[in-house]
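The values are calculated or read from the model by the stated rules, or taken from the named source; none is laboratory data. Small disclaimer: the values here were computed from a predicted structure and weren't measured. Glycine gets a Cβ as well: all are built from the backbone with ideal geometry, and neighbour counts include every protein chain shown.
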Amino acid sequence: MNRRNGTAAEDDRVLKARHRAMWALGDYPALAREIIPTLGATLVRSCEVEAGDRVLDVATGSGNAAVPAALAGGEVVACDLTPELLDAGREQAARHNVKIEWRVADAEALPFAEGEFDVVMSCVGVMFAPHHRAAADELVRVCRPGGTIGLLNWTPEGFVGQMFAAMQPYLAPPPPGVRPPPLWGDEEHVRSLLGGLVQDLTMRRDIARVDLFDTPEAFRDYFKSHYGPTIAAYRGIADQPERVAALDRDLAELARRHDRDGVWEWEYLLVIARR
Ligand SMILES: C[S@@+](CC[C@H](N)C(=O)[O-])C[C@H]1O[C@@H](n2cnc3c(N)ncnc32)[C@H](O)[C@@H]1O
């Protein structure tokens, strides 16, 4: 390895360690259970997982999609950067009495052979790997020819995409080459990543309805205590009370704009492709 490659690899290691620590903050497993429990099953249905399929759930978190895939009869491998979330996934699998293989893995360098899986899927997961080209190439590589690649991604214009836009001014600029996660919810961007590598690329937007919060402030405070990226944004400005107050206002205002009598509609893009 030459010196330049060595430095890039070290920078990537540091970046991934930061991401891993960020996703372990708060209580993501509770959030997945309380706010988006149906999305994993939606993705599994859309991928048409059948008994005996070998399924890889990339950036599985606590198994939001892996568990329904196993309940559908798939032989599931669930991988994620963050070991703490896999521990929660193991408990979830035990509660549902399903067997899943759990692996710590970076979506940009999957420890699996070419064409190992019938279905490769990710529910609001792989979109958070910072280098989109590398992650897309890996999804395709480990899927067998004729197999299915299924992704469910928050859109840039939808509520979660707008939440990331609202937090962005309060974050340190990302390292060069790192792309914003909600781009994975943009049809053109997905086509540019997967279009030349797959057949039958279909995409449609849909809505997750969230009614857990009585007020915009309740939404904000829940995310401040449960969601790693939001907790990390606040930690970065903790010594600047005016900026903390401004982010408080911005997140509540965002939630107020999207509040429809206590229901929030969170838009996502469902992507299904055949390798
Ligand atoms: C919003 S959570 C989604 C988790 C799960 N798929 C779900 O539906 O609840 C994003 C996940 O991406 C994982 N992640 C972030 N960067 C990753 C990377 N480079 N490789 C693998 N997983 C990654 C995080 O650890 C986290 O579990």
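Note down all Cβ pairs under 8 Å where the first residue falls in region 150-177 and is closer than 23 Å to Ile36 by Cβ, the second is polar (S, T, N, Q) and in a loop (DSSP other than H, G, I, E, B), and they're at least six residues apart or on different chains.
Going by the 8 Å Cβ cut-off, the qualifying pairs are Gly161/Thr155.
Of (1) farther than 21 Å from Arg141 by Cα; (2) modelled with pLDDT of 95 or more, Asp11 satisfies all except one. Which?
With (1) farther than 21 Å from Arg141 by Cα; (2) modelled with pLDDT of 95 or more applied to Asp11, the lone miss is (2).
Applying the selection to region 226-259, what residues are closer than 19 Å to Pro37 by Cβ and assigned to a helix (DSSP H, G or I)?
His226, Gly228
Report yes if some residue within region 220-242 is closer than 13 Å to Phe159 by Cα, within 20 Å of the chain's Cα centre (by Cα), of a type in the set (D, E, K, R) and buried (at least 17 other Cβ atoms within 10 Å of the Cβ); otherwise report no.
Yes.
For the list (1) under 29 Å from Asp221 (Cα atoms); (2) within 11 Å of the ligand (Cβ to nearest atom), I need the number of the one condition that Gly26 fails.
(2)
Quick check on Gly63: is it part of a loop (DSSP other than H, G, I, E, B) and modelled with pLDDT of 95 or more?
Details: part of a loop (DSSP other than H, G, I, E, B): yes; modelled with pLDDT of 95 or more: yes.
For Gly63, the condition - part of a loop (DSSP other than H, G, I, E, B) and modelled with pLDDT of 95 or more - is met.
Among the residues of region 45-61, are any away from the ligand (no atom under 11 Å from the Cβ), closer than 19 Å to Phe128 by Cα and touching a residue at least 60 places away in the same chain (Cβ under 8 Å)?
Yes; the residues of region 45-61 include at least one that is away from the ligand (no atom under 11 Å from the Cβ), closer than 19 Å to Phe128 by Cα and touching a residue at least 60 places away in the same chain (Cβ under 8 Å).
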